[in-house]
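K.L.:
Dropping the structure in here first, questions after.
The values are calculated or read from the model by the stated rules, or taken from the named source; none is laboratory data. These numbers come from a predicted model, not from an experiment. Cβ placement follows ideal geometry from the backbone for every residue including glycine, while neighbour counts extend to all protein chains displayed.
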Amino acid sequence: MEWAPLTHLESPRLTLRRFRDADLVPLLAYRNDPEVARFQGWDLPFRRRDAVHFIREQQVVKPGTPGRWFHFATALRGSNALIGDCGLIVDVHDPRQAEIGFSFARAWQGRGFASEAVRGVVDHAFSRLGLHRLVAVTQDENVRALALLDRLSFRLEGRLVASVWARGRWRDECLFALLENEWSARNHAA
């Protein structure tokens, strides 16, 4: 599947774009916040060299490359200040399916920014990229992510018991999914 070059996506309050060198400091800040990292897969500390490598990789990775995460830098529309990111990885074996993930600085959580950003990426994935199915996997203790996925009509498809070793113990994860036709029907009904 050929994806058009990404410039940016916009929502009422946000711009979703490629990462820039100027994003280094805020990226380090939220990736090193133990409350943000608590439900994520990266190790702490998230070092400067890790952040520089991440930004460099995201500046050149082609969105939609099977098996490689593309992270949409999520910034406030007015100031272009980085507040988080939404990632999308296309399945290696079936390029019509992808996984979505997201992380946001603690100061910007609980204000609808993550929902707005994820909604934009989901809409882009289905309407512009032609994907058939999106999945999201989150730890069962991540109540904010569970609520966000529910708000966006993702369906809980299963509970993976003791499926991930994180922060010193085995944790359960929840698997959610959303089909393009479900998203389309939901948006036409609204």
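K.L.:
Kindly establish whether VAL135 is over 19 Å from TYR30 (Cα atoms), at pLDDT 95 or above and within 15 Å of the chain's Cα centre (by Cα).
P.N.:
Judged against the criteria, VAL135 is a match.
K.L.:
When the residues of segment 33-51 are narrowed to those that are of a type outside the set (S, T, N, Q) and surrounded by 15 or more Cβ atoms within 10 Å (Cβ to Cβ), which ends up nearest to ARG20 (Cα to Cα)?
P.N.:
Out of the qualifying residues, it is ALA51.
K.L.:
Can you tell me which residue in segment 57-79 is farthest from GLY112 (Cα to Cα), limited to those that are buried (at least 19 other Cβ atoms within 10 Å of the Cβ) and at pLDDT 90 or above?
P.N.:
GLN58
K.L.:
Next question. Could you check segment 3-19 and list, in sequence order, the residues that are in a loop (DSSP other than H, G, I, E, B), within 23 Å of ALA98 (Cα to Cα) and modelled with pLDDT under 95?
P.N.:
TRP3, ALA4, PRO5, LEU6, THR7, SER11
K.L.:
If you check every pair at least six apart or on different chains, which have Cβ atoms under 7 Å apart with a residue in segment 132-146 that is under 14 Å from CYS86 (Cβ atoms) first and a residue that is of a type in the set (Val, Ile, Thr) and crowded, with 18+ Cβ neighbours inside 10 Å second?
P.N.:
Hits for this filter: LEU134/ILE100; LEU134/VAL122; ALA136/ILE100; ALA145/THR138.
K.L.:
Quick check on my filter: what residues within segment 20-54 are at pLDDT 95 or above and aliphatic (A, V, I, L, M)?
P.N.:
Result: ALA22, LEU24, VAL25, LEU27, LEU28, ALA29, ALA51, VAL52.
Quick grid of which residues meet (1) hydroxyl-bearing (Ser, Thr, Tyr); (2) on the phi > 0 side of the Ramachandran plot; (3) out of contact with any Pro (no Cβ under 7 Å at 6 or more places or on another chain):
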residue	(1), (2), (3)
ARG20	no, no, yes
ASN32	no, no, no
GLU35	no, no, yes
GLN58	no, no, yes
GLY64	no, yes, yes
GLY78	no, no, yes
VAL90	no, no, no
PHE102	no, no, yes
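K.L.:
Pick out the one residue from LEU156, LEU152, LEU160 that is under 15 Å from the mean Cα position of the chain (by Cα) and either on the phi < 0 side of the Ramachandran plot or among the β-branched types (Val, Ile, Thr) (or both).
P.N.:
LEU152
K.L.:
If you don't mind, there's one more thing I want to ask. PHE54: touching a residue at least 24 places away in the same chain (Cβ under 8 Å) and either surrounded by 18 or more Cβ atoms within 10 Å (Cβ to Cβ) or in contact with a Cys (Cβ under 7 Å, 6 or more places away or on another chain) (or both), yes or no?
P.N.:
yes
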